[in-house]
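Before any comments, here is the structure.
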Amino acid sequence: MKTILFEGPAHTYLPEIPAYIRFLSQNYPGFRAYNSTEIKDYHPFDFDVVWRFMGLDTLARGRYVVHEYNSLSAGKFPRVKNITKYMLNGFPKRRVFLNKIVRTGFPFSDKIPYGFRDMGIASHFFDVPPKPEYDFVYAGSIHRGPEVLQMLEYFAHTLKEASILIVGSVNPDVMRHYAAATNITFAGRLHYTEMPEMIAKGRYGLNLVPDTYPYNVQTATKVLEYCALGLKVVSMKYRWAENFVQQKEGQFFWLSPDFSNLSLSALQAFDFKTPDVENRRWRTVLEQSGVFDFLKDL
């Protein structure tokens, strides 16, 4: 039996790895798949295929190496960082990109074969019925950008009549700062399998992605999960979200940059349409992407 290792940093949320392992076990019985975060000590040459989520990988060590770029560089000077990765990373046997926009963000000009694999949704997100206990739910880290802290301020001081559940990692200082805001509940960081039931406790799913490169061109996993759970989506307006709504014939409530249009009465009067994301189940996404087809020839 051949082996494949999915190598990703332990601190990064990568739901695709368990989805990959499950898909391979069902469709490629000749391969045994491993998650690097669950192995204490290993060598890249111990495996027939090493699939790395990038990052930097200057040596590209392994018998058959796949580089997956599931996002573009963020922070200051993101385009410079993309070019740096292009210049420093070693040459794999194959590359995988989230989508065409991510592919063009890296100026690769070699003839290494590549494919695309967009984000999928685990099946258990479709199986949980709505159980709204809170008006809003926000799934994600609060460390990413100022818009999230701005949202907390808005709920603590302006929209005090609405309750919100925060699902994701939270700095203890932030929790202490908002301890007096009884309408804000912090659930903390949860295991991926626990998230659907917790997110389903919200009536409206908040998506706080700024209209800033590269965030505005990348798939918002939390939006897909909100839709799978049947939540009504309240979102900042940006390129990916607008295209998604248009393609899926959905209807999101678009937030003003200062949150001033956000009120329970405005949402109750709004004609929401939650997009159908049945075709975003991981099995469907991976079958249609064909990113594992090459394994048949190894």
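Assorted remarks:
- Model label sites at residue 81 and residue 153, defined 7 Å from Cα along the beta-carbon direction, differ in position by 2.4 nm.
- Above-threshold pairs, the threshold being 27 Å between Cα atoms, out of 248/296; 160/222; 40/296; 131/248; 2/40: 248/296; 40/296
- For the range 159-175, putting each phi into the Karplus relation 6.51 cos²θ - 1.76 cosθ + 1.60 with θ = phi - 60° gives couplings of 9, 6, 7, 10, 9, 9, 10, 9, 10, x, 5, 9, 5, x, 5, 5, 4 Hz, in residue order, rounded to whole numbers and with x for Gly and Pro.
- In a DSSP loop and with at most 15 other Cβ atoms within 10 Å, the chymotrypsin sites (Phe, Trp or Tyr not before Pro) in the range 15-62 are 42.
- Using θ = phi - 60° in the Karplus curve 6.51 cos²θ - 1.76 cosθ + 1.60, the 3J(HN,Hα) couplings for the range 25-35 round to 5, 8, 10, 10, x, x, 10, 10, 9, 10, 9 Hz; x is entered for Gly and Pro.
- Loop-located GluC sites (Glu not before Pro) in the range 205-269 (DSSP state not H, G, I, E or B) with no more than 15 neighbouring Cβ atoms inside 10 Å: 249.
- If you take all other residues with their beta carbon under 13 Å from the beta carbon of residue 227, and give Lys and Arg +1 and Asp and Glu -1, the sum is +2.
- The chain: calculated mean residue ellipticity at 222 nm from DSSP helix runs of at least 4, using -39500 (n - 2.57): -7500 deg cm²/dmol
- Cut-off under 5 Å, modelled amide H: who pairs with residue 255 long-range: 235, 236, 237
- From the Kirkwood radius over Cα pairs of the chain, Stokes-Einstein at 25 °C and 0.890 mPa s returns a whole-number translational diffusion coefficient of 119 µm²/s.
- Put simply, the Cα atoms of the range 249-298 extend 58, 22, 15 Å along their principal axes, the longest span coming first.
- Of the residues 274, 12, 185, the one that moves most in a GNM of the chain with alpha-carbon contacts below 10 Å is 12.
Values quoted throughout were computed directly from the atomic coordinates according to the rules given, and no laboratory measurement underlies them. Note that the coordinates shown come from a computational prediction; the quantities given were computed from them, not determined experimentally. Methodologically, a virtual Cβ is constructed for each residue, glycine included, from the backbone with ideal geometry; neighbour enumeration extends over all protein chains shown.
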